[in-house]
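Trainee: Please read through the structure below; I'll follow up with questions.
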Amino acid sequence: MAEAGDGDERTDEELLAAHVAGDALAFAVLVHRHQNQLWAVARRTSHTTDDAADALQDALFNAHRNAHRFRSDARVTSWLHRIVVNACLDRIRRNKMRQTVPLPEYDIAAIADPFDPTVSVDLRLSIDHALDALPSDQRAAVVAVDVEGYSVTDAAELLGVPTGTIKSRCSRGRAKLAVVLGHLREPDDHTPDGNPATPVGV
């Protein structure tokens, strides 16, 4: 759908159809309309900003080239989201061939002032680092459901897997995040059996 200030009253579907039909500007309008959302998806799914930028470029190239394959029974935003996520995961898999760097220790000092903005910054950085520790499939599922707020059903559609797969990937991913982010919890903020509760902010 058109957004305020977009300058083009055509819907996403109409823009994509116009692009397929030969409109030289339609795809650029579509990308401009959703660029912030697509960048956020790429950044959250990728390990680094550079990887996110490269993956997003790859994704937009693929979307531009394969627009004729878009199925009208899906939303254009869902279609673009899936292409971006797949491009990010492809880059993560390719990067596994490179030399890996050990994950840093995430030891954030307690800050007395709960309103200090650095607290939220440190928390966001810790969560981002923790997501880096997850396998790419679990990371994509957790980002879609817990970070971006998609339902399990919508996340399954976006990632092209069954809902049960999304549930299991989220469950395993959350368990790993609970361990990695355990330092962010209060000493007594544990379940009775000693396992950390659900991590903050995830």
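Trainee: Rounded to whole Å and sorted largest first, list the principal axis extents of the Cα atoms in the range 20-101.
Mentor: Projected onto the principal axes, the Cα atoms of the range 20-101 cover 46, 22, 22 Å.
Trainee: Still on this model: Just from the alpha-carbon atoms, what are the Rg and Dmax of the range 42-85 in angstroms?
Mentor: Calculated on Cα positions, Rg and Dmax stand at 11.1, 33 Å.
Trainee: Further, regarding this structure: When ranked by the protection proxy of mean other Cβ atoms within 10 Å per residue, highest first, what sequence do the peptides 169-178, 145-154 form?
Mentor: Put in order of decreasing packing, that is 169-178, 145-154.
The numbers here are math on the coordinates, done by the rules we state, and not lab data. In this text the structure is predicted, and so the values were computed from the model without any measurement. When we count neighbours, we look across all protein chains shown, and the Cβ atoms used for this are built from the backbone with ideal geometry, even at glycine.
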